[in-house]
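The values are calculated or read from the model by the stated rules, or taken from the named source; none is laboratory data. Computed from a prediction, not measured in an experiment: that's the story for all the values here. Note that we place each Cβ from the backbone using ideal geometry, even for glycine, and neighbour counts take in every protein chain shown. Side chains included, ligands, DNA and RNA excluded: accessible areas come from the protein's heavy atoms. Shrake-Rupley method; radii C 1.70, N 1.55, O 1.52, S 1.80 Å.
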Amino acid sequence: MLVCMRLERFTERLPFKAPLCPDNLFGHLIATAVPGVEEWRDGVYRRSLRLPFGCGTAALRPLTDHVECTVELSDARDLTTALDLCRFLLDLDVDPAEVDDALSTDPLLAQLVMSAPGRRVPRTVDGAEFAIRAVLGQQVSTKAARTHAARLVARYGTPVGDLRLFPLEFDPAELAMPESRRRTMAALLEALQSGLDLSPQADRGVAREWLATLPGFGPWTVESIAMRALGDPDAFLPTDLGIRLAANALGLPSTPAALVRRSEVWRPWRAYAVQHLWATGDHEVNRIPA
């Protein structure tokens, strides 16, 4: 049984190529944060980490030219992995100029890019965790999804300092949701135990194909996982309501098939186009709380 009580602290600077737009990046993580696993306090986003040699926590504060990162680890051998996960979570290794220049060639996106250069894709530090949370969030509000997740964490989460690890093993029958969703969750948990790899190093094609065979996994869920867990910069969500509303407002096609065809000009950066389209809506994921 994993036990993470004594933690050693390390503080590092996470540099990035400017510009960086923190609004949707931290805003999304904060708005969807699972109580017990994540928190936003005094300008710092904190969350637990599951690591090869143990576990820990990460505290991330966005600053002008870097992100201040403090990790507390049960095993110092996990330091490099923890820092890499934090960089992946915040998408700090992308060249924003390359992305922005490419998307700006589309006159319908150019103004969005100009008004918020350097948008990143908010990701995850644990692909299996994100997939489970994606199922919990199917056909319910963000608030309801957080409530379901928080209950799981309170019952099954391993303590890590004052936070907990998100559980990857539990009985889906205990979830307060429709039977069809419990079957979906059971199928996902079985796939994860059978070797489904949802890490940034995974074969994206294999992962997509495997996910698509699971009951209850439609294109939105598969592409969300591809974007945020697998780190696919070209993942796209044409069926997402927010994307379709934004597309319609901008004069883009709003039906999924037509929008997919229109999105060809954004490749291979469609996940970043998604962030710009989402940001046209008035939603808490698009801003950092005051």
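Please identify every one of the chymotrypsin sites (Phe, Trp or Tyr not before Pro) in the stretch 16-72 that sits in a loop by DSSP and has no more than 13 other beta carbons within 10 Å of its own beta carbon.
Answer in residue order: F53.
Would you please give the residues with an amide H less than 5 Å from that of V37, counting only those at least 5 places away or on a separate chain, with H modeled from the backbone geometry?
R164
Can you give the local net charge around A31? Use residues other than it whose beta-carbon is closer than 12 angstrom to its beta-carbon, Lys and Arg +1, Asp and Glu -1. Mind dumping the intermediate values first?
Details: positive: K143, R146, R287; negative: D23, E38, E284.
My count for the surroundings of A31 gives 0.
Write out the trypsin sites (Lys or Arg not before Pro) in the stretch 1-85 meeting two conditions: DSSP loop, and at most 16 other Cβ atoms within 10 Å of their Cβ.
R6, K17
Just to confirm, what accessible area per residue do you get for the stretch 235-290 at 1.4 Å probe, in whole Å²? All intermediate terms of the calculation are to be shown ahead of the outcome.
Working: 2730 Å² over 56 residues.
The answer is 49 Å² per residue.
In the neighborhood of D234, defined by Cβ-to-Cβ distances under 9 Å, what is the net charge if each Lys or Arg adds +1 and each Asp or Glu adds -1?
Working: positive: R267, R270; negative: D232.
Local net charge: +1.
Classify the chain from the C-alpha gyration tensor, please: rounded if a/c falls under 1.5, else prolate or oblate depending on whether a/b exceeds b/c.
oblate
Just need the relative contact order of the stretch 12-107 here, percent rounded to a whole number, with Cα pairs under 8 Å and 6+ apart.
On the way: 118 pairs, mean separation 26.8, N = 96.
Value for the stretch 12-107: 28 percent.
On a full-extension model of 0.36 nm per residue, what is the gain between A173 and R77, subtracting their alpha-carbon distance, rounded to one decimal in nm?
Computed gain between A173 and R77 is 30.8 nm.
Counting pairwise Cα distances across the stretch 172-244, what percent come out greater than 19 angstrom?
The calculated P(r) of the stretch 172-244 puts 38 percent of pairs beyond 19 Å.
According to the square roots a ≥ b ≥ c of the eigenvalues of the Cα gyration tensor, what is the shape class of the stretch 1-85, taking rounded for a/c under 1.5, prolate for a/b larger than b/c otherwise, and oblate for the remainder?
Because a/c hits 1.5 or more and a/b fails to exceed b/c, the stretch 1-85 counts as oblate.
Would you please classify the overall shape of the stretch 62-177 from the alpha carbon gyration tensor, given that a ≥ b ≥ c denote the square roots of the eigenvalues, rounded means a/c under 1.5, and beyond that prolate means a/b larger than b/c while oblate covers the rest?
oblate
Under 5 Å between amide H atoms, partner at least 5 residues away or on a different chain: which partners does C21 have, H built in plane at 1.01 Å?
For C21, the qualifying residues are R119, R120.
Would you mind getting the accessible area per residue of the stretch 19-135, heavy atoms of the protein chains only, 1.4 Å probe, in Å²?
35
Tabulate in residue order the Karplus-calculated ³J(HN,Hα) for the stretch 31-39, using 6.51 cos²θ - 1.76 cosθ + 1.60 with θ = phi - 60°, rounded to whole Hz; enter x for Gly and Pro.
5, 9, 4, 8, x, x, 9, 9, 7
So what are the ³J(HN,Hα) numbers for the stretch 199-214, from phi and the Karplus equation (6.51, -1.76, 1.60; θ = phi - 60°), rounded to whole Hz, Gly and Pro as x?
Coupling constants for the stretch 199-214: 8, x, 8, 5, 6, 5, x, 4, 4, 4, 4, 5, 4, 5, 7, 7 Hz.
When only Cα pairs under 8 Å and 6 or more residues apart are kept, what is the percent relative contact order across the chain?
Over the chain, the number comes to 22 percent.
Could you please state how large a percent of the accessible area of the chain is carbon and sulfur, counting protein chains only and using a 1.4 Å probe?
Answer for the chain: carbon and sulfur cover 53 percent of the accessible area.
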